[in-house]
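S.K.: Quick one: structure below, then a few questions.
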Amino acid sequence: MATGVLARRLRALVGDDGVVDADDVLLVYECDGYTLERAAPELVVLPRTPAETSAVVRLLAEERIAFVPRGAGTGLSGGTLPLAAPVMVCTSRLREIESIDLRNRRLVAQAGVVNSWVTRAVQGDRLLYAPDPSSQTACTIGGNVAENSGGPHTLKYGVTVNHVLGVELVLPSGEVVRLGGAVEDRPGPDLVGFVVGSEGTLGITTRATLRLVRAPEAVRTLLAIFDSVDAASEAVSDVIASGIVPAALEMMDRLVLQAVEQAFSAGFPADAGAVLLVELDGPAAGLEEQAEAVSAVCRRNGSREIRVARDEAERALLWKARKRAFGAVGRLAPNYCTQDGVVPRSRLPEIVRAIAATAERHRLRIGNLLHAGDGNIHPVILFDERDADEVRRVIEAGHEILAACVALGGSLSGEHGIGVEKIGQMPLLFSPDDLLAMTRLKAVFDPEGRANPHKVVPDAKVCVEARTPRRQAAM
Amino acid sequence: MAETSRENGAGDGVSVCPPEPRGTQRRFVDTAPLLACVHCGLCQDACPTYVETGREADSPRGRIHLVRALEEGRIEPTTEVTRHLDACLGCLACETACPSGVPYGTVIGATRPWIEDRRPAAVRAARRALASLLVHPVARRIAFAPLRAVGGASLLARAARRLHGTRAGSLLAFAAAVPPARGTPALPGVVEPVGTPRGTALFLPGCVAETLFPETARATVGLLAAAGVRVRVAHGSGCCGALPHHLGRADDARARLRALLRSVGGERVDWILPSAAGCGAHLREAGHLLAEEPAAGALAAKTIDPLVLLARLGLPEPRRRIAETVAVHDPCHLVHGQGVREEPRALLRAVCEKPLVPLRESELCCGSAGTYNLTEPDMAARLLERKIDAVVASGAQVVAAANPGCLVQVRSGALSRGIDVRVEHPLDLLARAHLD
């Protein structure tokens, strides 16, 4: 079907302002938070309700048109890059929190509801939605489900999959299926668990039933300053070994600290090698002792200064520095690329050393933000996209860092997903049989391969080692 | 830059990185502020138009993307493209949200005149007429005279309620929201402080604010005197250029700012006080807007919103207290343009009997935005409905809005919906407590 005809039929379903088909405007959809690769869709459609979403997808199914779902477009692995998918389906107008069940602590949100709205809707009742990605003021629940998003507080509370009780999924056929539901541990295979983290390759999530948790009675946030990343990493291992599970345990290295200090004047010493941001929460009784114990561990590992946030304002400033650190680092160079890998917690010093060596080898500046408590690393590579050679080195450095993670017994992604960015690295972690099994599983939901094609699992027909897009770019 | 085609059969036309910028020749904006945008998207949910339409071309990140593509010559200013740039309120909520410090106001400010020059002649003429009408002292009085004569009339309000949701209804509500002419006497040239003098301020009565809200101007001057400020009133200082600036009329805006600088730049005062938040935000950028004039930086540095100055100096104990429940709406040019959030609340807390009532999305634009409600009436009406929903949900009896545009807009919304809420300038509320 010609794009014009398709646009007309889609407008009949979603209203005139729900279709974007002017080429010059479609440009804004050519990338998400991952900007190294770009491709604009031929058409963007924005349904207003879950029912309209399924009507849209049914029409696309009739015409056998592939599509890519998109929420707020804050993803960091290029999961919304339209590859062989002419149509982008945006859930940004599905913005309703449909029901709140305080007594059973659950809430039904449409896919376009912004993560932070969920907590805002229930915080008066001392509840919260635990997954808190740094982009939580903009990213959507649909996107969080697709990427199985994490956040600093996942150390204690778990990631998105631990907080989604059920999803409503529009299959690529347009058929609507409801998986999971209000009660936990339903019999049969865990299909919700399969959908969460599938990066839009199984269909479009339109609604999710979310678990709410009790807001902690008390919170202690403290910041420990270290001379080196090694010392801070040792402290991380020792804190966990002591039996305390902090709500969050974050590390920032020197480059990041300097950027944050420049942007927010949070009061970090310019010569510090690393800081740990530790948050403890729970019943007020005993929290002070835990904070003391953590402080003692930090001091034993050479922390030269420990600051405890005295009130909510000080706590907010510390977290602002952490949550907006990516943007602050962004001020140091025209562009940055945030990597996402995982290593066993005990290997943090090694991976940070490997990253430093990579930076030196490729003449790049790389800062480190780490969800240290669960070994999830976020090296931030600075570059200038106008320098083609530098772009090539950024891509190579990214590869090397991920390969190093895998070599240390870790993984390719903690929370950003595979998208297009890391699809070429999947064989580092999985055998051809593993990948084939994944392809077959996807086919159960999407036999024609029309939902977000060429994402997550490399195409079986291709020799993935040599044919990754980024490697082509680098050559 | 090379285009890579994916050999796994996917994605024709996937380009790795954007195309090279076109040489060194610049169309209308420097690339540095554009490159500061890292495309993270954190601005999107702060943007009123994105929140309403869900389309990324109506978000700050999308607009920056379009501006960059225009600058690089990838696209041209077609109707489709300019529609999304025109829809920007200029509220700068995105600057508050941006972690990378993108100077969005500078970007859109540089883009608007370039687009303005490329509009069809008839459209350009209409926008020029609007700008001149609002800033010309005589034309403005004549234009507003009928509104001032009938302003507040209950008949109008009733008609507006009946036509709620239509363009005619919006216009009637707007007229009904304009305060009626009360024959307020003109401000004296100088007002001496009460008690020990703590400094001298130059008060710019402004253009629209002076015509529509002379009572608020009197309240401002009276409160400042009560706080120990000697106030000189810069009669005839004219428009600061903020309105033409927002309409993309850069030369006009610069000429007006320069004229203002010439008339008041030499004054030996401690503070310069604008009468509207929009003027304040504009004047505080004077050093950047008139980089070639050394006095512009000094003017910018001395510019301070009257509410901020009052909060800083402190007011005496109020003579009486406000009994109603009050919610605070944050005008964009105060909260995002100047980072002022706490001061109006602190001042009001000191005069209100009851605690302030929280207002949902208090920092989201009400749709007034300078001349936006005249140039983009549909989106302005949507945002107004949203604001009034929040006002109703708050249950407040009074909404305090520290900007003339917001006052008329929110008041017109309340009238159209027939809700029993008063919309007042915080300075008028303070005057009630301190002066009457």
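Readers should treat all values here as calculations from the given coordinates under stated rules, not as data from a laboratory. As the structure is a computational prediction, the values presented were derived from the model and not from experiment. Ideal geometry is used to build each Cβ from the backbone, glycine not excepted, and the neighbour counts take in all protein chains shown.
S.K.: Quick check on chain B: what are the equivalent-ellipsoid semi-axes from the Cα gyration tensor, as sqrt(5λ), descending, whole Å?
M.R.: Result for chain B: semi-axes of 38, 25, 21 Å.
S.K.: Within the stretch A:168-247, report the GluC sites (Glu not before Pro) that DSSP leaves as loop and that have at most 13 other Cβ atoms within 10 Å.
M.R.: Listed in order of number, the matching sites are A:175, A:184, A:217.
S.K.: Between residue A:174 and residues 5 or more places away or on another chain, which pairs have amide H atoms under 5 Å apart, with H built 1.01 Å from N, and which residues are they?
M.R.: Sorted by chain and number, the residues that satisfy this come to none at all.
S.K.: Hey, got the average number of other protein chain Cβ atoms within 10 angstrom for residues in A:69-75?
M.R.: Shielding by partners across A:69-75 averages 4.
S.K.: I'd like the trypsin sites (Lys or Arg not before Pro) in the stretch A:1-83 restricted to DSSP loop residues with at most 13 other Cβ atoms within 10 Å, sorted by number.
M.R.: Values: sites: A:8, A:9, A:11, A:38, A:48, A:58, A:64, A:70; in loops: A:48, A:64.
In loop regions of the stretch A:1-83 (DSSP not H, G, I, E or B), the sparsely surrounded trypsin sites (Lys or Arg not before Pro) are A:64.
S.K.: Do the sum for chain A: with -39,500 (n - 2.57) for every DSSP H run of n ≥ 4, divided by all residues, what is the mean residue ellipticity at 222 nm, to the nearest 500 deg cm²/dmol?
M.R.: Using -39500 (n - 2.57) per qualifying helix, the result is -10500 deg cm²/dmol.
S.K.: Among B:263, A:134, what is the fewest-to-most ranking by other Cβ atoms within 10 Å?
M.R.: Values: B:263 14, A:134 26.
Neighbour counts put them in this order, fewest first: B:263, A:134.
S.K.: Another one. Quick one: Kirkwood hydrodynamic radius for chain A, alpha-carbon pairs, angstrom, one decimal?
M.R.: 23.1
S.K.: On to the next question. Looking only at other chains, what is the average number of their beta-carbon atoms within 10 angstrom of each beta-carbon in B:40-50?
M.R.: Per residue, the number of nearby Cβ atoms from other chains is 6 on average.
S.K.: Under 5 Å between amide hydrogens, which residues at least 5 positions from residue A:165 or on another chain qualify, with H placed 1.01 Å from N in the peptide plane?
M.R.: A:209, A:210, A:211
S.K.: In the protein assembly as shown, what % of DSSP beta bridges are antiparallel (nearest 5)?
M.R.: Antiparallel bridges make up about 70 percent of those DSSP assigns within the protein assembly as shown.
S.K.: Let me ask another. Quote the relative contact order of the stretch A:333-407 in percent (integer), defining contacts as alpha-carbon pairs under 8 Å separated by 6+ residues.
M.R.: 41
S.K.: Over the alpha-carbon set of the stretch A:391-437, divide Rg by the Kirkwood Rh and report the Rg/Rh ratio to two decimals.
M.R.: The Rg/Rh ratio comes out at 0.98.
S.K.: With θ taken as phi - 60° and the coefficients 6.51, -1.76 and 1.60, list the Karplus ³J(HN,Hα) couplings across the stretch A:381-397 in order, rounded to whole Hz; mark glycine and proline as x.
M.R.: Going residue by residue, I get 9, 8, 6, 10, 5, 7, 9, 4, 5, 5, 4, 4, 5, 4, 5, 5, 4 Hz, with x marking Gly and Pro.
S.K.: Semi-axes, largest first, in whole Å: what does sqrt of 5 times each Cα gyration tensor eigenvalue give for the stretch A:218-327?
M.R.: For the stretch A:218-327, the ellipsoid semi-axes come out as 21, 17, 11 Å.
S.K.: Would you mind calculating the gained length between residue A:444 and residue A:271 on full extension (0.36 nm times residue separation, minus the Cα-Cα distance), in nm to one decimal?
M.R.: Here the answer is 56.8 nm.
S.K.: Using alpha carbons only, how many degrees (0 to 90, rounded to 10) separate the axis of helix A:229-241 from the longest principal axis of chain A?
M.R.: The helix A:229-241 is inclined about 80 degrees to chain A.
S.K.: Related question: Around residue A:456, which amide H atoms from residues at least 5 apart in sequence, or from another chain, sit under 5 Å from its own amide H, with H modelled in the peptide plane?
M.R.: A:419
S.K.: Next question. Please compute P(r) over all alpha-carbon pairs of the stretch A:100-214, binned at 10 Å starting from zero, and give each bin as a whole-number percent.
M.R.: 15, 50, 30, 4, 0
S.K.: Assuming R0 = 51 Å, can you tell me the calculated FRET efficiency for the pair residue A:316 and residue A:2, based on Cβ-Cβ distance, to the nearest 0.05? Can you show the working numbers first?
M.R.: On the way: r = 53 Å, r/R0 = 1.04.
FRET efficiency, residue A:316 to residue A:2: 0.45.
S.K.: Shifting gears a bit: Mind listing the phi-derived Karplus ³J(HN,Hα) values for the stretch A:275-287, rounded to whole Hz, using 6.51, -1.76 and 1.60 with θ = phi - 60°, and x for any glycine or proline?
M.R.: Those phi angles translate into 10, 10, 10, 10, 10, 10, 9, x, x, 4, 5, x, 5 Hz.
S.K.: What is the helix-to-structure angle for A:432-445, meaning the angle in degrees between its Cα long axis and the longest Cα principal axis of chain A, kept from 0 to 90 and rounded to the nearest 10?
M.R.: Between the helix axis and the principal axis of chain A, the angle is about 50 degrees.
S.K.: In µm²/s, what is D for the stretch A:3-90 at 37 °C and 0.692 mPa s, where D = kT/(6 pi eta Rh) by Stokes-Einstein and Rh is the Kirkwood radius from Cα pairs?
M.R.: Working: Rh = 13.0 Å.
For these conditions, the coefficient is 253 µm²/s.
S.K.: Using Cα pairs closer than 8 Å and at least 6 residues apart in sequence, work out the relative contact order for the stretch A:100-214, in percent. Before the final figure, lay out each step's value.
M.R.: Values: 231 pairs, mean separation 39.1, N = 115.
Contact order relative to length: 34 percent.
S.K.: Across the protein assembly as shown, what fraction of all alpha-carbon pairs, as a whole percent, falls in each successive 10 Å bin from zero upward?
M.R.: Per 10 Å bin, starting at zero, the Cα-Cα P(r) for the protein assembly as shown comes out as 2, 11, 20, 23, 21, 14, 7, 2, 0 percent.
S.K.: Take peptides B:238-244, B:105-111, B:414-420 and line them up by average Cβ neighbours within 10 Å, highest first, as a rough protection proxy.
M.R.: On the way: B:238-244: 26.3, B:105-111: 20.7, B:414-420: 17.7.
Listed from highest to lowest mean packing, they are B:238-244, B:105-111, B:414-420.
S.K.: Let me ask something else about it. I'm a student and want to see the number: the projected area of the Cα convex hull of the stretch B:185-287, averaged over all directions, in nm².
M.R.: The number I arrive at for the stretch B:185-287 is 6.4 nm².
S.K.: What lysines does residue A:323 reach when the alpha-carbon gap must be under 20 Å and sequence neighbours fewer than 8 apart in one chain are set aside?
M.R.: Answer for residue A:323, where 20 Å is the Cα cut-off: A:156, listed by chain and number.
S.K.: Any chance you could give the angle, 0 to 90 degrees and rounded to 10, that helix B:167-177 forms with the longest Cα principal axis of chain B?
M.R.: 30
S.K.: Just to be sure I understand: if I project the alpha-carbon convex hull of the stretch B:261-400 onto a plane and average over all orientations, what area do I get in nm²?
M.R.: Across all orientations, the stretch B:261-400 yields a mean hull projection of 10.1 nm².
S.K.: Show me, for the stretch A:41-50, the HN-Hα J-couplings you get by feeding each phi into the Karplus relation (A = 6.51, B = -1.76, C = 1.60, θ = phi - 60°), rounded to Hz, glycine and proline as x.
M.R.: x, 7, 7, 10, 10, 10, x, 9, 9, x
S.K.: Now for a separate question. Which whole-number value in Å³ per residue fits the convex hull of the alpha carbons of the stretch A:167-222? Working shown, then result.
M.R.: On the way: hull volume 7.3 nm³, N = 56.
Dividing the Cα hull volume of the stretch A:167-222 by its residues yields 130 Å³.
S.K.: From zero outward in steps of 5 Å, how is the percent of C-alpha pairs of the stretch A:345-443 spread across the bins?
M.R.: P(r) for the stretch A:345-443, in whole percents per bin: 2, 12, 21, 22, 19, 11, 8, 4, 1.
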